[in-house]
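Participant: After the structure tokens below, expect a handful of questions from me.
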Protein chains: 2
Amino acid sequence: MPRSGLEARRRLQQAALELYRERGFDQTTTAEIAARAGVNERTFFRHFPDKREVLFHGEADLRAELMRSVAEAPDGLQPLDILLRAFREAGRILEENRPFSEPRLEVIAKTPALRERELAKAASLTEAVAEALRQRGVADRLAGLAAQTGWAAFHQAAGAWIDDPSANLDAHLSRAFDDLRALSATSTG
Amino acid sequence: MPRSGLEARRRLQQAALELYRERGFDQTTTAEIAARAGVNERTFFRHFPDKREVLFHGEADLRAELMRSVAEAPDGLQPLDILLRAFREAGRILEENRPFSEPRLEVIAKTPALRERELAKAASLTEAVAEALRQRGVADRLAGLAAQTGWAAFHQAAGAWIDDPSANLDAHLSRAFDDLRALSATSTG
DNA sequence: AATGTGGTGTCGGTCACTGACACAACGCGA
DNA sequence: TCGCGTTGTGTCAGTGACCGACACCACATT
């Protein structure tokens, strides 16, 4: 039966996403997911530590892409510009996987337990980005704030892109980062 | 046995905090918490929806204070200035409850499951602040971003204040919001 | 005294998640 | 070709979070 495990993992992710959409996260049991994927329930927990994590596996790719982009950004850019660049590039992962990204984000948005996990992932990712910025010499406190505000803009852009696919993710990102600048520009300080 | 229920709830919170510190969150069962509080396990779940929530009950006070402050801020202030004002005022709750919050924050910091819940609480609170800003006429997207960046600054200031109590929270807040403005001011846009 | 209400104990059950053990498929060297 | 370790899997027997239903008890109201 076992070939590489990758096959089963993919089927489990697919089955989970389908079932979460069909009857909701809370009304789906791990046994059902496993059954649809054609494996044993125990196998589910061999591939994913819990019922939520099955929807958060591509995160490693996004993380790697973000880190790479931040590290390789040209000198002379300001923190927020580095991040806009990085999110543009990493965003391609979302755009290329849209058929998977869209229902996934939909389910997450309507399930508190999944939103909690998403926030945790975001926090971890944000901290990694902040560290990457520090590696580039961005001041300590500034790096943390930049990463969090940048992520807030990215998250908002991603949501807007889901709601309005007529514009591409880049356009939404530009607008979100413009808002960010407007926010501080108009502040009295 | 039942007097008002408030008594049991307080004992449950106390027992939970103690046990989470003594043997850790994961190694504590709800039955043990209930036993130490002198009530039945079922009663625990009548007062708190789950094992984590028992540590997140004062949140309502902070939320109420923030909402009030945002709503009552004088006209003419920019979003970030409204928030700085609000966090200054709400921050007093933290300063007054420092001796109680400290062990609680300690447990949360070292327990992933509790950190997840904390992030969820922060997100909910942030969304409430955003809505309060919108009520004041702040543009839709801007309100969301302002609330999140403002919260990021507040969170960073609170952390700095825990690590360095020599300066008061206000000072840390001022510095964080200055950083925020510096972030966008130097961006090319 | 009758009645209502809210907090509680008890019981039975579902389901997420785990440890232990055995088995099947593959890769690889002998 | 045969053994052999490695890896993915199935099975079984748990533990513990959490819920629905019902009965009971303290207290307030009338």
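Participant: Inter-copy label distances at A:Ala171, 7 Å along the Cα→beta-carbon direction, one decimal in nm, shortest first?
Facilitator: With the label placed 7 Å along Cα→Cβ, A:Ala171 yields 5.0 nm.
Participant: Would you mind putting A:143-152, B:70-79 in packing order, based on average other-beta-carbon counts within 10 Å, highest first?
Facilitator: Per-residue mean Cβ counts within 10 Å order the peptides as A:143-152, B:70-79.
Participant: Return the average number of partner chain Cβ atoms within 10 angstrom of each residue Cβ along peptide B:113-126.
Facilitator: Partner Cβ neighbours, averaged per residue: 4.
Participant: Additional query: Share of Cα-Cα pairs in the protein assembly as shown beyond 38 Å, in percent?
Facilitator: Counting every Cα pair in the protein assembly as shown, those more than 38 Å apart make up 25 percent.
Participant: Determine the dipole magnitude for the stretch B:56-189: charges of +1 sit on the beta-carbon of Lys and Arg, -1 on that of Asp and Glu, nothing else is charged, the reference point is the Cα centre, and the result goes in debye to the nearest 20.
Facilitator: The dipole magnitude comes to about 240 debye.
Participant: Next up: Over 19 Å between Cα atoms: which of A:Lys110/B:Lys51; A:Lys110/B:Lys110; A:Lys51/A:Lys121; A:Lys121/B:Lys110; A:Lys121/B:Lys121 fall into that group?
Facilitator: A:Lys110/B:Lys51; A:Lys110/B:Lys110
Participant: Throw me the Rg/Rh for the stretch A:92-133, computed over C-alpha atoms with Kirkwood Rh, two decimals.
Facilitator: Ratio of gyration radius to Kirkwood radius: 1.07.
Participant: Pull out the extension gain between B:Asp178 and B:Asn40, defined as 0.36 nm times the separation in residues minus the alpha carbon to alpha carbon distance; nm, one decimal.
Facilitator: Extra length from B:Asp178 to B:Asn40 when fully extended: 44.6 nm.
Participant: Can you check what the Kirkwood hydrodynamic radius comes to for the stretch B:6-50, Cα pairs only, in Å to one decimal?
Facilitator: Its Kirkwood hydrodynamic radius stands at 10.1 Å.
Participant: Could you tell me which helices of chain A pass both thresholds, a Cα extent of 15 Å or more along their own axis and a mean Kyte-Doolittle hydropathy of at least 0.0, with helices taken as whole DSSP H runs?
Facilitator: Passing helices, by number: A:79-96, A:140-163, A:169-185.
Participant: Looking at A:Ala171, A:Ala122, A:Leu183, which one has the Cα that reaches farthest to the positive end of the dipole of the stretch A:97-189 (charges on Cβ: Lys, Arg +1; Asp, Glu -1)?
Facilitator: About the Cα centre, the residue reaching furthest to the positive side is A:Ala122.
Participant: Work out the P(r) tail for chain A: percent of alpha carbon pairs separated by more than 27 Å, whole number.
Facilitator: Roughly 36 percent, once rounded to a whole number.
Bear in mind that the values in this text are calculations on the coordinates, not laboratory data. This structure is a prediction, so every number in the text was calculated from the model and none was measured. Here Cβ is always computed from backbone atoms with ideal geometry, including for glycine, and neighbour counts include all displayed protein chains.
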